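Enquirer: Once you've had a glance at the structure underneath, I'll fire off some questions.
Since every read-out is calculated from the coordinates, none of them should be taken as a lab result. It should be emphasised that the depicted structure is a prediction, and the values quoted were computed from it without experimental measurement. Ideal geometry is used to build each Cβ from the backbone, glycine not excepted, and the neighbour counts take in all protein chains shown.
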Amino acid sequence: LIVVVTITIRLTSVYSDAPWSSLNTEIQNGPATGLITSAQHAADYEGVRELVRHIDDNSSVWIEPLSPWAYLECAGGCGVPSVWNTFPDEHDFSVYYDELRHKRPKWILVTDDKLGWPINIIAGREEPFPALENYYEYTAELREKLAGSTDYQPLASTGYGTLYKHTEFSQMSQGTIS
């Protein structure tokens with residue numbers, strides 16, 4: 001009984017890409033090559049990959065919201081302390097960047113909130129993770145900060161997000177974008 005319950009929980013809650021019935025598209029390119037997903041998520045994945053391809057050097061990148069796989073597309077790697085959800089207002093990034101100046105992000109990619117991840121599959125329904133209720137509000141605030149920033153300029157924008165480029169590294173303190 002314990003094994004059946006464990007397998008059921010893993011299949012319905014842990015694998016959170018899409019309901020099993022819609023997993024019908026194999027990803028053909030990039031770090032997720034060979035994974036089976038939904039057609040919509042495959043299109044989302046490729047749309048984000050297309051934005052990342054605009055990064056033309058090996059400088060650090062910050063990608064929001066949660067798309068840790070996208071860092072695998074970047075030569076310069078992750079420009080924040082973690083590829084997991086990064087809420088800069090909750091962290092003092094200045095200490096991190098004082099020690100690791102080369103990690104200051106030259107590039108910031110903010111993906112569109114309508115993308116199909118992350119989701120929680122419960123009883124065959126797609127529902128947002130409850131923990132992310134405030135996350136989309138945070139990414140909206142990040143977009144506003146970037147839109148008002150003189151340091152970061154949008155380089156490419158599609159229905160999958162916007163890629164911002166920083167031409168001269170600015171001082172980032174207390175998680176704010178100057």
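Enquirer: Give me the extension gain from LYS145 to THR8: residue separation times 0.36 nm, minus the current Cα-Cα distance, reported in nm with one decimal.
Expert: 45.1 nm
Enquirer: Distance in nm between label sites at SER94 and GLU26, each 7 Å beyond Cα in the beta-carbon direction?
Expert: Each label point is offset 7 Å from its Cα along the Cβ direction, giving 5.2 nm.
Enquirer: Would you mind checking segment 29-64 for residues with the amide N under 11 Å from a putative spin-label position 7 Å along Cα→C-beta of LEU72?
Expert: Inside the label zone: 29-35.
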